[in-house]
Every structure is written in C-alpha cells, then in structure tokens.
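Undergrad: Next up is a structure, given as structure tokens.
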Amino acid sequence: MKAPSRTKFITVFIAGALLAGYSNGAGAAERQKSPVVVELFTSQGCYSCPPAEAYLRELSKNPEIVALEFHVDYWDQLVHGAAGKWKDVFSQPEFTTRQKIYAGNLEGGQVYTPQMVVDGENFAVGSRRSDVRHLISRAKKIKGHNPTLAISRKSKNDFVATIKGNSDRAFSVWLVHFLKNVATRVRAGENKGKRLISHNIVTKVKRLAAWSGQPAKVDFSVIGQEVNESCAVLIQEDAQGPIYAAALCPDQNKSG
C-alpha cells in the first residue's frame, strides 16, 4: 500500500508582542475550556487495537476532544506463526519514544497497545471505554484554569495560534500533522486479512516555539497539505509533561 503524501514544507514565525488589554480576571471569565487531548498508541499488527481505533474515531467527532492516533513500531518485527509479521505503514520510532517517555513520566506507567493517554497526565487501556471516559471527565473539570488556544487561518497556507492565559511553567507549542482517515488491507501478522480503518493518524510532530507563559501569538505556515490531511496545535509542558491546551487547524481545503 502506498502511504498518502505528507506535508511538504513548514515555515514558522513567532510574533513577539503580547495580546493587548488582557488581564487575569477578565481572561478567566472570557476563556472557554480547551479540548481534552486523547492520544492512542496503537499498531496495525496488534489484534486488540482495532476496537480502540474505532473508539478513537467516535471521540474525534466530539468538539471537546482532540483525538490523535500514534502508530508505534515495536510490533513491526514480531512474527505471528504462519501469519508472519506485518510492518505497520504508519509506524514511526519517534512515536514509540513518545509513548516510552509518558511511561517514564506517569505513575505506574507502562508501554503497551492499545493505550490512550489523556492530556499527557493519565492513561488507560484504549479499548476500555469506561476507564477512558472517566479520565476525560476528570480532565475536563480542570480545563477552565488552563491557558486556551485558538487557531485562525490568515490565508490558504498561513495560520495564527492565539494563546490566552498565564503560567509560570515552561511550555512548548507543537504542530501535529495527521491523516484524517485511511483504510489499510493487512496481509500478515495478527490482523491478517482484515481491512483496518484508522482516523487522525499522526505523521509528524514539530516544535513551533517556546511559550513564555504570557498571552501571545504564534504564526505558522503549512504548505502542500492534501485533502485528507489536517493538523492540530498543542501546548505541552516541557519534558513531555501535561498538555494544557489544544486546537485543531481550520480546514485548508475550504474557502474563506
């Protein structure tokens, strides 16, 4: 299977001026809660992963959730008897590293699939819906005190991320590229013979800027994005800590 094309080129600009007229009191009243970020660590070679991917698809339809699917590579070399081994077409070692960092950061952290990490702070088996719902509900309760993020499109390729809020911690602003949905016919491994449909499949994660903890704007450009591609921006505490805010990019393929 030929993997869909990826974003060809990214240009980043940082706007240094703070947003005028923003106070802590007014900001708390005006801000809306940021979406909860749910990261699914999965593999096409994992027999128990398709139900979790189906659940991620449902979560992705909720405007209060940014759902992202990271394909890890540690299943790629596993041989499953006569079914052989299957190289996940979306797996990347960087995503395995991301999962391992979470495992090291979080209490009781482990590396397994399917695993959902919620706002970079808590994790659960991705197919255990009640456990994931509990973590999402808990995350929503604290969102009102966090910074917020909004992304607007200045032109077809140019965007601006507006950050409101204050913090004394160290953060980075991350741009996440993903494919909206892809069907793959798996020809070996545990899922041999299955047609797997995946959603919001992450293809690249790029650091845009450091965030100083004060209201700010970050300009960025995404060039060559295809119809099936989109992006999201995350504000995450350094050392891959908690995710404090997130937003999906407006659709480049719509006019306006």
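The values are calculated or read from the model by the stated rules, or taken from the named source; none is laboratory data. Note that the structure is predicted; figures quoted are calculated from it, not measured. Quick reminder, even Gly has a Cβ in these numbers, built from the backbone with ideal geometry, and neighbours come from all protein chains shown.
Undergrad: Can you report the number of residues in the stretch 66-87 which are farther than 15 Å from THR184 by Cα and surrounded by fewer than 16 Cβ atoms within 10 Å (Cβ to Cβ)?
TA: 7
Undergrad: If VAL160 satisfies every condition in (1) β-branched (Val, Ile, Thr); (2) at pLDDT 95 or above; (3) surrounded by 21 or more Cβ atoms within 10 Å (Cβ to Cβ) but one, which is the exception?
TA: Result: VAL160 fails condition (3) only.
Undergrad: Being in contact (Cβ under 8 Å) with a residue 12 or more places away in the chain and loosely packed, with under 15 Cβ neighbours inside 10 Å is the filter here; which residues of the stretch 88-100 pass it?
TA: Within the stretch 88-100, PRO93, GLU94 qualify.
Undergrad: Right, another one. Pairs needed: first member in the stretch 166-178, closer than 21 Å to LEU40 by Cα; second member anywhere, at pLDDT below 90 and not in a strand (DSSP E or B); C-beta distance under 9 Å; at least 6 residues apart or different chains.
TA: Taking only residues 6 or more apart or on different chains, the pairs are HIS177/ARG6; HIS177/THR7; HIS177/GLN225.
Undergrad: When only residues in the stretch 101-111 that are without any contact (Cβ under 8 Å) to a residue 40 or more places away in the chain and of a type outside the set (A, V, I, L, M, F, W, C) count, which is nearest to VAL72 (Cα to Cα)?
TA: Across the stretch 101-111, the extreme among qualifying residues is GLN110.
Undergrad: I'd like to know if the stretch 183-193 contains one or more residues that are touching a residue at least 40 places away in the same chain (Cβ under 8 Å), under 30 Å from ALA139 (Cα atoms) and in a strand (DSSP E or B). I'd like the intermediate steps shown before the answer.
TA: At the first step, the residues of the stretch 183-193 found to be touching a residue at least 40 places away in the same chain (Cβ under 8 Å) are 184-192.
From the residues that got through so far, the ones that are under 30 Å from ALA139 (Cα atoms) too are none.
Within the stretch 183-193 (the criterion being touching a residue at least 40 places away in the same chain (Cβ under 8 Å), under 30 Å from ALA139 (Cα atoms) and in a strand (DSSP E or B)), the answer is no, since none of the residues qualifies.
Undergrad: Quick one: is ALA103 of a type outside the set (Asp, Glu), in a strand (DSSP E or B) and within 26 Å of ILE235 (Cβ to Cβ)? Write out each step before concluding.
TA: Numbers: of a type outside the set (Asp, Glu): yes; in a strand (DSSP E or B): no; within 26 Å of ILE235 (Cβ to Cβ): yes.
Answer is no for this residue.
Undergrad: Given the conditions (1) more than 17 Å from the chain's Cα centre (by Cα); (2) surrounded by 14 or more Cβ atoms within 10 Å (Cβ to Cβ), report the number of the one that GLY104 does not fulfil.
TA: With respect to (1) more than 17 Å from the chain's Cα centre (by Cα); (2) surrounded by 14 or more Cβ atoms within 10 Å (Cβ to Cβ), GLY104 is out only on (2).
Undergrad: What number of residues in the stretch 122-150 are without any contact (Cβ under 8 Å) to a residue 60 or more places away in the chain, aliphatic (A, V, I, L, M), surrounded by 15 or more Cβ atoms within 10 Å (Cβ to Cβ) and under 20 Å from LEU234 (Cα atoms)?
TA: So the answer is 1.
Undergrad: Taking the residues in the stretch 54-100 that are of a type in the set (Phe, Trp, Tyr) and either more than 21 Å from VAL118 (Cβ to Cβ) or assigned to a helix (DSSP H, G or I) (or both) as candidates, determine which candidate is nearest to the chain's Cα centre (by Cα).
TA: Filtering the stretch 54-100 for residues that are of a type in the set (Phe, Trp, Tyr) and either more than 21 Å from VAL118 (Cβ to Cβ) or assigned to a helix (DSSP H, G or I) (or both), the one nearest to the chain's Cα centre (by Cα) comes out as PHE95.
Undergrad: For the stretch 212-239, what are the residues that are within 18 Å of the chain's Cα centre (by Cα) and either crowded, with 17+ Cβ neighbours inside 10 Å or of a type in the set (Lys, Arg) (or both)?
TA: Once the filter is applied, which keeps residues that are within 18 Å of the chain's Cα centre (by Cα) and either crowded, with 17+ Cβ neighbours inside 10 Å or of a type in the set (Lys, Arg) (or both), the stretch 212-239 yields PHE220, VAL222, GLN225, GLU229, SER230, CYS231, ALA232, VAL233, LEU234, ILE235, GLN236, GLU237.
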